[in-house]
1. Identify the single condition in (1) within 14 Å of chain B (Cβ to nearest Cβ); (2) part of a helix (DSSP H, G or I); (3) closer than 29 Å to residue B:236 by Cα that residue C:140 does not satisfy, given that it satisfies every other one.
2. Would you call residue B:186 within 14 Å of chain A (Cβ to nearest Cβ) and either touching a residue at least 60 places away in the same chain (Cβ under 8 Å) or under 18 Å from residue C:252 (Cβ atoms) (or both)?
3. Considering (1) under 22 Å from residue C:87 (Cβ atoms); (2) surrounded by 24 or more Cβ atoms within 10 Å (Cβ to Cβ); (3) in contact with a helix residue (DSSP H, G or I) (Cβ under 7 Å, 6 or more places away or on another chain), say which one residue C:253 fails and leave the rest.
4. Taking the criterion of being closer than 30 Å to residue C:303 by Cβ, part of a loop (DSSP other than H, G, I, E, B) and at pLDDT below 80, would at least one residue in the stretch C:1-17 satisfy it?
5. Give the residue, chosen from C:155, C:159, that is without any contact (Cβ under 8 Å) to a residue 24 or more places away in the chain, part of a helix (DSSP H, G or I) and buried (at least 16 other Cβ atoms within 10 Å of the Cβ).
6. Scan the stretch A:143-150 and give yes if some residue there is closer than 30 Å to residue A:78 by Cβ, surrounded by fewer than 18 Cβ atoms within 10 Å (Cβ to Cβ) and more than 14 Å from chain C (Cβ to nearest Cβ), otherwise no.
7. Those residues that are over 26 Å from residue C:20 (Cα atoms), part of a helix (DSSP H, G or I) and at the interface with another protein chain (Cβ under 10 Å from one of its Cβ atoms), I need them from the stretch C:287-304; list them, please.
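The values are calculated or read from the model by the stated rules, or taken from the named source; none is laboratory data. These figures come from a predicted structure and were not determined experimentally. A quick note on method: Cβ atoms are made from the backbone with ideal geometry, for glycine too, and the neighbour counts reach across all protein chains shown.
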C-alpha cells in the first residue's frame, strides 16, 4: 500500500496563536482516514492546509508530501482536479448558482481532461446518470435538494480524474437517510486512491472505517484503527464524543409518564398543505401533561409545520386541534427555535430581555437564580447579548425564559441540531428532565430517529 | 443607537457642523443683507469689508453664501425628517397592517416610482415657481419612497424572524416588538438613507436653481448663484468657486456621515 | 417574463396618467388670465387682443368645467395629441422627436463610456486589492459627492475655456458631444465601479469560485465560466437603479451644455411655462425611463434565469 499523502508536523497559526498544533499523518492507498472532532477543533484548517487553500491571514508550517514528493503550495495547486481534490462543506455554495448541473461536470472533462465538447457532455451525462441525477442534469443548484447537490458536487470534483479525495463534513445538513448514500458514493470514488474525511459525526467515522484521528481544539488526542478506537476509546474526550451520539444515550426510564395525567392537547385527523402539496393527513394523537412527544422525518415532511399548527401559527387544512387546559394563558404555549441566535434580538443584553419578561408578567425574581443554576447558566451571560454567548448557553437561556412562564406546552423545533453533539446531549436531557418535572408537555421535532427514540415517550413518524 | 461613529463619519459630521456654523454666524453678524447692492463695489475680491468679496451687483458674498447654505440645510433637514418619519411609519404599517394596506401603499409607491424623482420635482416646481415649500413638498414626496421600500423589506424579515415571533408568543406588545426587534434592525439603514437623503435634497434644490426653475432671484441659493456667477468666471473666479465648493462639501459631508452605501 | 412585462406596461400607463394629471393641475393653477398670458407669450405683448385670448381659451378648453376639461385632456393624451407649443406655436410632437434623438445619443454614449471606465477599474480593484483599490475608491467617493452640474462646470472651465480643446456648448460636431458625454459617464462610473468591484470581490471569494479551481480549472477558465456572469448579475440589476441618476443627469447636463435634448427642453419649457411642451417632454422622459427599465429587466432575466432579481 503506497503512501499517497504524508504530512509532517503540519501546523496553522494566526499571528502567534496556534490554531492547529503540529500533526503528522499518512494517507495510504485504499485505506481511508477520518478526522473526528467538534466544530472549532481545527479539522477544516487541516484540509485547507493540505490543499493550499488557507486564507492569507493564516500561516502554515510543516511539510506536505504527495505521491512521495515534498511539494510547495503552487505545486500542490497544480495537482487540483487531476490528482487531488477537496469536496466542499456546503455543496449549494460550492456550485455555480447560475450554471446548469451538467455543465459544471462537463467543463471539467473539457478543460481539465481536454476532451472535445460533445464528448465532455456525454461523459458528464453518464456521470450524472450513475449518481441518479439523470432527471436533474439541466437543473440549477438552487433547484436541487441538499443530497442531490452533494452528489453533483462529488461528480464534478472527481471528473478531473483525482482519486485522492478530501471531504470536509460531506454530510453536513443532510437527512440521516441520505447520509449513507453519500458516504458510499465517496467510498466508490476513492477506490483507486484514498479518502480523507473530516466529520463531527461518529456514525460516519464508523461507517468509513480505516484510520481514525480524534481532534480537540487543534490538538490530536487519539488515533488508531477506526473501529478499535470507537469500540475501545482511550481518551476521555473520545469517550465523551461517542457517548454524545444519540444512539449511545441511556434509554429513558420506562413509563415515566403518569397514565392518569390529564390530556393537554388532542389532535384529530390533522392534515396540512403547503404550496399545494399535502404534507401529511389523517394524523391523530394526544399529548398528556409532562409528556415528551417526538416527531421524526426527513426535511420537508412537515415536522415543523405540525408544531406551528399546534401553536395556531399555521392553519390546518383538515382536522381538529383541541386544547384542554382552559385556564392557560396564550403565552403559556411556547416554542423553542432551531437556531438559538436567530431567536433573540442582539440589540440588548440577555439580562435586559429577562428583565423585560419579568416586568411584563410580574414573575417573582427569586425564581430566576435557582433555575439558572439548574440550567448551568453563569450570571455573567446576562451582561452579554445573544451573539456573544455559545449556542448551547443560548438555547438553555431560551429554556429558562420559557420555564419562567410556566408553559403548559412547548414545541421544540430541532432545538439541538445546530449544537455540537456533546452540548446537544446536555441541552436535550435538561429540557426533557425539566419539562417532566414541571409538567409541561413537549413536542420535540428532530431529524435524528435515535435521539427521539431515546428521549421521548411517544414517537410520531412523518 | 449607542454605536460610535467611525472616523470618516466624524469628519463628515464636522464638515456639516462647520458649514452650519458658518451659515448661522454669517446670518447673525453680517452687516449686509442678501439684496443690498453696492454698484461701486462690483466683483470685488475678498477684503476686510467683504470677507468673501462681492458679486456682480456688489452684494456681499459672505451674506449671500450664509443664507444660501442656511436655506439648503433647512430644506435638507425638513425633507429628511418628513420623509424618514413618513417612510418608516408607512413601511412598518405595510407589513403589519395586513395585505390590503400593503397593496394600497404598494400602488402609491409604484405611481411615484414611475417617473424619475427629478422630473417629478421639476413638474411640481412648475406649478408654483420659486416656492421653497413646493420644493420641500415635492422632494419629500419623492424621498419617502426610499425609506418605505427599505423599511418594509427589513421589517418583513423581522416579522417572520423567530426572535420577534417568540416575543409575540410570550405576550409582548406591538410597541415592545417594534422597540426591541424592528427598530434596531431598521435604524442603521434609516440613518444611512437619511444622510443620503439630506445630500439629495440639497442637490435637487441646487439643480433646480441651476436650471433656473427653483428658488428665484434675488434670493440666494447655491445652484442659482452658480449660474449667476458663471459669466464672471475669468474676471472673478473666486466667486464662482464659492457655491461650487460649498455644494460639493455639503454633499460630501452627508456622504461621509452616511458611512456606507445603501 | 409575462409578469414583468405586465408590470412595466402598468408603469407606462401610470406615467401617462401621472404626467397628464400633473400638467393639467399645472395649467389650471396658473395665476391670472391664463388665456391672455399665453396669447401674450405667443403673439407678443403688443399684438394681444381679446380675440386672440378667446382663441387660446377655446383651444385649451379653458372655458370648460375642470372635470370636463380633465377628461378632454386625458383623451387627447391617449391619442398622443400633444398640441402646439405656446411659445413657438409649432407642434409639440415634432420638437419632441428632434429632442429625443439628441438625448438618446447623449445617454447611450455616456453609458457606453461609463461601462468602459467602471468595469475594468472595478475588476482591477477587486483583483489587485490595496493600495490601488483605496485610491480608486476614494476618488470615486469624491466624484460621487460632486454634483453632476458642478462636474460639468469644472469640465467647461478646464477643457473648453482654459485649454480650448472642446467647444463650450451646443451641438453639431462630434466634438460637441465629448464633454457632455464624459460628464455623464464619469458621474455614472463613479458609482457603478464600486458595484462592479464589490460584486467581483464577492464572487472571487465565493465557495463556488474556489471549488472551480479545486476541480482543476485554471484561473482564467474559472473567471470565464463562473466569474463573468455571476459578477454581472448585481451589476445589471444595479443599472436599473442607476437609470434614475442617468435621466436626472441628462436633465442637468443638457441644460448646462445647451444640448438640445429632452432635459434641456423640459427645463426651458418650465421656465417659459410652455405647458404642452412640459407635458410632452415629461411624457417622453417617463416613457424612456420605462423602456430602459424594461430593457434592464430583460437583460437581468437573460443573465440570471432564476428570475430572482431583487426589486
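1. Tallying (1) within 14 Å of chain B (Cβ to nearest Cβ); (2) part of a helix (DSSP H, G or I); (3) closer than 29 Å to residue B:236 by Cα, residue C:140 fails exactly one: (3).
2. Working: within 14 Å of chain A (Cβ to nearest Cβ): yes; either touching a residue at least 60 places away in the same chain (Cβ under 8 Å) or under 18 Å from residue C:252 (Cβ atoms) (or both): yes.
So residue B:186 fits the description; yes.
3. Every listed condition holds for residue C:253 apart from (1).
4. yes
5. Testing whether each residue is without any contact (Cβ under 8 Å) to a residue 24 or more places away in the chain, part of a helix (DSSP H, G or I) and buried (at least 16 other Cβ atoms within 10 Å of the Cβ) leaves just C:159.
6. Of the stretch A:143-150, the ones closer than 30 Å to residue A:78 by Cβ are A:149-150.
Of the ones still in play, those that are also surrounded by fewer than 18 Cβ atoms within 10 Å (Cβ to Cβ) are none.
No; the residues of the stretch A:143-150 include none that is closer than 30 Å to residue A:78 by Cβ, surrounded by fewer than 18 Cβ atoms within 10 Å (Cβ to Cβ) and more than 14 Å from chain C (Cβ to nearest Cβ).
7. C:303
Conditions tested, residue by residue: (1) more than 14 Å from every other protein chain (Cβ to nearest Cβ); (2) on the phi > 0 side of the Ramachandran plot; (3) in a helix (DSSP H, G or I); (4) surrounded by fewer than 17 Cβ atoms within 10 Å (Cβ to Cβ).
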| site | (1), (2), (3), (4) |
| --- | --- |
| A:398 | no, no, yes, no |
| A:411 | no, no, no, no |
| A:418 | no, no, no, no |
| A:443 | yes, no, no, no |
